[in-house]
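Nothing in this text is a laboratory measurement; each read-out follows from the coordinates by a stated rule. All of these numbers come straight from a predicted model, not from anything done at the bench. Every residue, glycine as well, gets a Cβ built from its backbone with ideal geometry; the counts of neighbours run over all protein chains shown.
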């Protein structure tokens, strides 16, 4: 399996990371060498093995849904790259 | 002042408790040395002025019942610190000021610690040499132009250079143990679920663990006690009875069964590492431990598994960096264009590479072939350890397959860089605790480490075995302060 330029561009789109043409080429080489390395896993027969999704195989604990941080709106908005009053601002999405 | 920075964590705690030194004296000593050591680039941000004020405040009404009363400490810049910039080594978080404190740093503060600064690391902890940080490469105090390891490279550098008496790192695939090994210091990755992940900038959530990095095993036991706690804010935090790691520290390992996995003898490993391993085995035998040959047959599949699981989780965790609520934003013609440019300019090459690997292995049509396959192999790797622990109490291996390498040496070959973590990655996949301690030097005089791997939640046993090895191996760091003019 090889990752060609077209695939790199597709992944870049899915990842929401724009990528220049020349960098895409280098990336395709890097990804190919990494995937060659990853494909070693195909040597193993795992048809009867159950997937391990988390090492803590317990039911996740629930906690009370109560508010414990109050009056932090201003602090949170301070980190925003663009804001207007109490809102985050993004480029126009609705015409 | 200079001699204060030579004291280890436990010695400093002792001196504060006996009132031989004040918090201000200690804090100023480490700050002064840090200011003379900017060449190392260990820090991303400092908190010096605030720290001195806090030290004075401590001295005015010292509470000596704390575990680390009035002790200054610089921490990896992956821990969110309230009102103190937290960058994760990335441009995308260059101006991020957390509104909350990570549980682990809160535990440090609650036990009397004083944060003196935030230490450099690979961007989002993705790297094994601290060369991927947006804030520049970090020098290893052992020798000029040598990498300090990664991702906790600022932590290992600052600790070995005595800019902080102890520090904390995070370890997703070896990011505490490998830098500890490269700098002749001690680093412990606790059992998954031991230290809260709340407030740690997430990389791969099923693998990430915070842990102590110190000059010796005693300090390591103390700092682990401070850090480890059950935390409702981390859904994978485990509510078990934490040990009195320092109080129960003992070099008596009589009757302990220690496994030696044959799969860790890899081709091309330097002879000094082989010899160091033998030395460790001999010390264990001399101290009454039993050495038992074991097999961890799926060891060779750990790295390929890791390079599916970790990027997959990272691609999901890093989806939050969209330039809207916090962090860097680039201008775009529309919303999507803004996202794409923000992420392209805000992330470095290694991070982008891993996000794209992760996106690919999770994408439609490839999920079963890669991600699901990796999760199944992860089970096999964990089963290997479960089998081994029916026969042994702990496992002894080298920490890394080589000593520290030169800056730039492996930067253009991602796979060769990844191979650094061959002995540390399986432990994260299995969620186990492991400690790296220095044991010797290679032909260049660069430090080499031994790794003791334990059963889940049995940090005490690996601390004790490491303590016993440390007492007998006679390791000493030769650091000549070359960077101080």
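Remarks
- Average silhouette area of region B:2-257, convex hull of alpha-carbon atoms, in square nanometres: 13.5
- Kirkwood-type radius of the protein assembly as shown, with distances r between different C-alpha atoms, in Å: 24.1
- Extension gain for the segment residue B:232 to residue B:15, taken as residue separation times 0.36 nm less the Cα-Cα distance, is 74.6 nm to one decimal.
- Residue B:416/residue B:295 FRET efficiency (R0 30 Å; Cβ-Cβ; nearest 0.05): 0.70
- Rg/Rg_ref, chain A, where Rg_ref = 2.2 N^0.38 Å and atoms are Cα: 1.82
- Compactness of region B:268-405, taken as the C-alpha radius of gyration over 2.2 N^0.38 Å, stands at 1.52.
- Range of Cα positions in region B:1-118 per principal axis (Å), largest first: 45, 31, 21
- FRET efficiency estimate (nearest 0.05) - Cβ-Cβ, residue B:250 to residue B:36, R0 30 angstrom: 0.20
- Label-point gap, in nm, between residue B:59 and residue B:144 - each point 7 angstrom along Cα→Cβ: 3.7
- Average projection area in nm² (convex hull over Cα atoms of chain B, one quarter of hull surface): 21.8
- Counting only DSSP H runs of at least 4 residues, each contributing -39500 (n - 2.57), and dividing by the residue count of chain B, the helix-based mean residue ellipticity at 222 nm comes to -10500 deg cm²/dmol.
- Of interest is the spacing of the C-alpha centroids, which for region B:14-78 and region B:314-362 amounts to 37 Å.
- Within a Gaussian network of chain A (alpha carbon springs, distance under 10 Å), most fluctuating of A:31, A:77, A:41: A:77
- With the simple model of a label 7 Å out from the Cα in the direction of the Cβ, residue A:45 to residue B:271 spans 4.3 nm.
- Of all beta bridges that DSSP places with both ends in region B:2-257, some 70 percent have antiparallel geometry.
- Efficiency of FRET from Cβ geometry, residue B:366 and residue A:69, R₀ 41 Å, rounded to 0.05: 0.55
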